[in-house]
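Okay, so here's the structure we're looking at.
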């Protein structure tokens with residue numbers, strides 16, 4: 001059973017471009033969570049999704065950020081018109097149920113130049 | 001609002017020492033607590049998960065304890081090795097929900 005898969009592992013974008021981060025949860029997991037780790041800071045919750053539904057996006061910036069978890073395929077975190085302050089490590093986690101152990105992926109490190 | 005604090009922020013020890021890393025949280029209404037390891041530039045590796053009904057969990061040289069009433073957990077590392085060098089993170093769910101609140105971690109360096 002493969003773990004949570006995130007790709008790409010590293011992503012470089014110029015200011016103003018779009019960044020798309022992908023997360024494939026563990027097999028059998030229908031709950032996905034995205035966290036962001038800014039340089040020298042702790043991980044912060046961004047958004048919680050179940051298949052085709054956003055359950056809680058209270059941690060996500062109101063503009064330029066969006067997330068989806070379609071019926072088929074991976075969860076996508078999309079950042080439009082990236083700025084230097086978006087440079088961070090973005091981690092995805094999944095769990096089989098809402099209040100059970102979450103397993104984390106290796107993260108995507110976004111660098112905006 | 002749940003807050004998680006980890007002490008010390010950094011620790012450097014010679015190989016072979018037994019270590020204690022501390023984690024405190026402000027809201028004791030948690031259903032579990034997790035300890036993670038993060039290597040530089042890498043992802044998170046779950047080390048130990050303690051359910052709220054448990055007092056401790058052990059895995060190899062690692063032992064984690066949980067005292068909900070006092071809002072504290074400790075991670076004990078026995079006979080430390082250079083390979084244990086990493087950042088150790090403690091995380092608890094906020095208010096019984098799925099949102100994990102992370103501490104800022106303890107950066108451990110074990111010297112050969």
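Each value in this text was obtained by applying a stated rule to the coordinates, not by laboratory testing. The structure presented is a predicted model; accordingly, all values stated were derived computationally and were not measured. Positions of Cβ are backbone-derived with ideal geometry, glycine not excepted, and every protein chain shown enters the neighbour counts.
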Revision key, fill the gap. In whole percents, the bins of 5 Å from zero upward hold the Cα-Cα pairs of the protein assembly as shown as 1, 7, 14, 18, 18, 16, 12, 7, 4, 1, 0
Revision key, fill the gap. Rounded to one decimal in Å, the inverse mean reciprocal Cα-Cα distance for chain A, i.e. its Kirkwood radius, is 13.9
Check your understanding: Just counting partner chain Cβ atoms within 10 Å, what average do the residues of peptide B:37-50 show around their Cβ?
Key -> 4
Review point. Remind me, relative contact order of region B:9-108 in percent, using alpha carbon pairs under 8 angstrom and six or more residues apart?
Key: 36
Review point. Based on the mean of other beta carbon atoms within 10 Å per residue, what is the order of B:41-51, A:70-80, A:27-37, most packed first?
Key: A:27-37, B:41-51, A:70-80
Check your understanding: What does region A:13-62 give for Rg and for Dmax, in Å, if only its C-alpha atoms count?
Key -> 12.8, 37
Check your understanding: On average, how many beta carbons from a partner chain sit within 10 Å of the beta carbon of a residue in A:34-43?
Key -> 3
Point to revise | Taking chain A and dividing mean pair separation by its residue count, relative contact order in percent (alpha carbons under 8 Å, at least six apart) | key: 37
Revision key, fill the gap. Evaluated at 4 °C and 1.567 mPa s, the Stokes-Einstein D of region B:1-72 based on the Kirkwood radius over Cα pairs, in µm²/s, stands at 95
